[in-house]
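Here's the structure we're looking at; comments come further down.
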Amino acid sequence: MVAYFIAFLITVIVEFFVFWLVIREYPLKLLFYSIIINLLTFPLANYAFQELINSLFFIEVLVVVVESILVLLLFRVSYSKALVISAVANAATTLLGYMLFW
């Protein structure tokens, strides 16, 4: 359970930094959005990976699609920009998580 919480915190922080590097405004708002987005996608991705589909690539593609929609709605950017932001953020957290936890 502790590892799950640490992984969640790392994900929120890394994705926040990706959001901030791209958006460059309102850091507290971006941190809040990172928390909200990951409260929705992180538990679902972990559950799906452990119980339904044991394919990290497939799960990450689904997470990128869902998060890109949330980024689009929350950050009010174009869908192509939202997709890139989501892909970069999730690539960073996936690579870091892979290095730390596997």
Item to check | Selection within region 21-34 - closer than 17 Å to ALA87 by Cα and among the hydrophobic types (A, V, I, L, M, F, W, C) | outcome: LEU21, VAL22, ILE23, LEU30
Next on the checklist: Just to be sure I understand the filter: pairs with C-beta atoms under 9 Å, separated by 6 or more residues or on different chains, first member in region 52-67 and hydrophobic (A, V, I, L, M, F, W, C), second member part of a helix (DSSP H, G or I) and surrounded by fewer than 12 Cβ atoms within 10 Å (Cβ to Cβ). Which pairs pass?
Outcome noted: LEU56/TYR98; ILE59/LEU52
Next on the checklist: Tally up the residues in region 1-20 that are under 16 Å from SER86 (Cα atoms) and either touching a His at 6+ places or on another chain (Cβ under 7 Å) or of a type in the set (Ser, Thr, Tyr) (or both), please.
Outcome noted: 1
Checklist entry - Taking TYR33, is it among the hydroxyl-bearing types (Ser, Thr, Tyr) and either touching a Ser or Thr at 6+ places or on another chain (Cβ under 9 Å) or exposed (fewer than 13 other Cβ atoms within 10 Å of the Cβ) (or both)? => result no
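Just so you know, all these numbers are worked out from the coordinates, no wet-lab data involved. Please read all numbers here as calculations on a predicted model, not as lab measurements. Methodologically, a virtual Cβ is constructed for each residue, glycine included, from the backbone with ideal geometry; neighbour enumeration extends over all protein chains shown.
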